Structures are given as C-alpha cells and as structure tokens.
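Asker: Take a look at this one; I'll ask things after.
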Amino acid sequence: MSANPSTSEKILLATINLMAEKGYDSTTTKEIALAAGVNEVTLFRHFGTKEKLLEAAFSRFHYGNEMSRLFNEGLKGHLHEDLLTVSRTYHNIMNRNRKLISIALKGSSTLPDSVLQEASRNPKHLKTLLADYLTTMSSEGKVVSSNPEIQALSFMWMNYGAFISRLNANEAVSEEDLDVFIEESVSLFTKALSP
C-alpha cells in the first residue's frame, strides 16, 4: 500500500479491519465509511455494495498478481532456490493479509458466493502457475514430474497448512521456526522431484 492511501484503499482497509473483528454480517457500510473517514455515499460511489466492497478487497490485497510477477520475472530455473522463493513469498503475503484470510475462513458459511469465488480465484491461479512451472522444469529434465497438478497442490497444501497453524496457534510461532520449516519442507520436496 502507498504512503498516502487513496480513498478506495482507505475504504478497503477499513472493511478488512472491521470485518476481521466483527464478521461480514455484523459490519455495516456506515461503520466502514466512518472508520475510513468518508461518508457512506462515497463508499457506495466507489464500490456499490458491501458485497462488491469485500470482493474488491480480495482482488486488491490477495496474492495473485504478486505471484504472477514472481513466476514471470523472479524464478531462475533452479528448483530448490525457486521453491524457497515461492514459499517465502507466499508466507510473507499470507501473513500480511492474515485479516483478509481470517474473514474468508470465519465467514465461509455466510459470505456471498461472489465473495467466495473471488477469494478462491487466487489459490486456483497459484496452482496453475506451479503446475506450469513444474511442467516446464520437467520438459527441461530438471524435475521428475508425473502429475504436476497434484505436485503443485501438495506444495500449496504444505505451505497453507503451515500458515493456518501459525494463524490458529495459541502461542506465536517465530519467524525463525517458520524459516526452518520452509527450508526443510522445500529440501524434501526438491529431493523428491529431482531426477
């Protein structure tokens, strides 16, 4: 986010903060507008409805665009280094967006379908990016890849499980412990996929 957030960003951040605390159903557009320092008419002019507002928050602050950029520009074709980069980037983004993720997890039974679809768009996109990466690495002889989609899902679930464990932990899990997990899990994954 920029040093001087735009009106839209202020509204989105107020939405995330309030909904993470109170839930989707218990948060009103009036409260969001007040927290963002705007009037409710401005909120509606920017986003239309509370549903569209939360959809925009998932679209703006989730990880799809950053991960696309990483896969297009930041990976070097070295499995171990690349998977370390992907895993660390994933955890940094997910940690930064923990309130947004919490909204999706806590409200999954009451959130509008359009919001749930937007929230699930990024994991599907990441799976495609990972599967395509593994397919390319396999065609170059750098990876043994019998089923790149399942391998991509395995990698994602491994990292998502670590994120959720930290999110729900009674005691804080240190960054050092997370880094040890990332190093060890990527090493195991690399060893399993290396020709």
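Asker: Give VAL144, VAL186, VAL180, VAL173 a once-over and let me know the one that is surrounded by fewer than 13 Cβ atoms within 10 Å (Cβ to Cβ) and over 17 Å from the mean Cα position of the chain (by Cα).
Answerer: Checking each option against the conditions leaves just VAL180.
Asker: Let me ask another. Scan segment 66-121 residue by residue and report those that are open to solvent by less than 20 Å² (accessible area, probe 1.4 Å), under 16 Å from PHE155 (Cβ atoms), free of Cβ contacts under 8 Å to residues at least 60 places away in the same chain and of a type in the set (S, T, N, Q).
Answerer: Scanning segment 66-121 gives no hits.
Asker: Could I ask something else about it? Looking for whichever is assigned to a helix (DSSP H, G or I), surrounded by 13 or more Cβ atoms within 10 Å (Cβ to Cβ) and free of Cβ contacts under 8 Å to residues at least 60 places away in the same chain here; the options are MET158, MET137. Which one fits?
Answerer: Unique residue meeting the criteria: MET158.
Asker: Restricting the first residue to segment 172-185 and requiring it to be farther than 12 Å from GLY161 by Cβ and touching a residue at least 12 places away in the same chain (Cβ under 8 Å), which pairs with a second residue that is open to solvent by less than 50 Å² (accessible area, probe 1.4 Å) and of a type outside the set (A, V, I, L, M) meet a Cβ separation below 6 Å and a spacing of at least six or different chains?
Answerer: ILE182/SER87
Asker: Okay, moving on. Check every one of the helices (runs of 4 or more DSSP H) wholly within segment 1-103 and list those with 1 or more residues that are under 30 Å from THR135 (Cβ atoms).
Answerer: Correct list: 50-61, 64-69, 79-96.
Asker: A further question follows. State all residues of segment 18-48 that are open to solvent by 70 Å² or more (accessible area, probe 1.4 Å) and touching a residue at least 40 places away in the same chain (Cβ under 8 Å); if no residue qualifies, say none.
Answerer: Within segment 18-48, ASP25 is the sole residue that qualifies.
The values are calculated or read from the model by the stated rules, or taken from the named source; none is laboratory data. As the structure is a computational prediction, the values presented were derived from the model and not from experiment. Because the Cβ atoms are built from the backbone with ideal geometry, glycine has one as well, and the counts that use them run over all protein chains shown. Surface accessibility is based on the protein's heavy atoms, side chains included, excluding ligands, DNA and RNA. Shrake-Rupley method; radii C 1.70, N 1.55, O 1.52, S 1.80 Å.
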